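Structure, as structure tokens:
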Amino acid sequence: MKKIQLREICHSRSGDKGDTGNIGLIVYDKKNYELIKREVTAERVKDFFKGSVKGDVERYELPRMGALNFVLYNALDGGATRTLTMDAYGKVLSSALLALEIQVPDDF
């Protein structure tokens, strides 16, 4: 087995609603959907954003789109109108998640 970053097989989008971040993770090729479904759990996403996401992380599966959607609660230090952080809207969450490494077969 070897490791790759998600950015090698996915693209992403993100946004916010108050203090809640939202990340859509979409495979370039649907043949890789089962791989990200197995490797990118809500628990792994919460651990990846350890220290930033203080609430729960929920995952929604969108198999027909080859996508996963993650909702990150208490993730934006209060939200755009309440925080002084650089990314009050959660726009960089998806770019950051693309750095997550997953296990793939050596011949991947």
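The calculated 222 nm mean residue ellipticity attributable to helices in the chain amounts to -4000 deg cm²/dmol, summing -39500 (n - 2.57) over DSSP H runs of n ≥ 4 and dividing by all residues.
The string of couplings for region 34-48 from the Karplus curve (6.51, -1.76, 1.60, θ = phi - 60°) is 4, 5, 5, 4, 6, 8, 10, 8, 4, 5, 5, 5, 4, 5, 4 Hz, one whole number per residue in order, with x for Gly and Pro. Which residue fluctuates the most in the chain, going by a Gaussian network model with Cα springs under 10 Å, if the choices are R64, R44, R13? It is R64.
Put simply, the amide H of D19, placed in the peptide plane, has no neighbours under 5 Å, leaving out anything fewer than 5 places away on its chain. Cross-link partners for K54 among the aspartates and glutamates, with Cα-Cα distance under 19 Å and sequence neighbours closer than 8 places in the same chain left out: D16, D19, E43, D77, D87.
Note on the chain: GNM, Cα springs under 10 Å; of L93, L68, L35, the largest mean-square fluctuation is that of L35. Within a straight-line Cα-Cα reach of under 23 Å, K3 can be paired with the following lysines, leaving aside sequence neighbours fewer than 8 residues apart in one chain: K30, K31, K37, K46, K50. Sequence-ordered 3J(HN,Hα) estimates for region 9-18 from the Karplus curve with 6.51, -1.76 and 1.60 and θ = phi - 60° stand at 10, 9, 10, 8, 9, 8, x, 8, 8, x Hz, glycine and proline given as x. Taking one quarter of the surface of the convex hull spanned by the alpha-carbon atoms of the chain gives a direction-averaged projected area of 6.3 nm².
Modelled this way, with points 7 Å down the Cα-to-C-beta line, the labels at R7 and Q103 are 2.4 nm from one another.
None of the figures in this text is laboratory data; all of them are computed from the coordinates on show. Keep in mind that this is a model prediction, so the values were computed, not measured. Cβ: placed from backbone, ideal geometry, glycine included. Neighbour counts: every protein chain shown.
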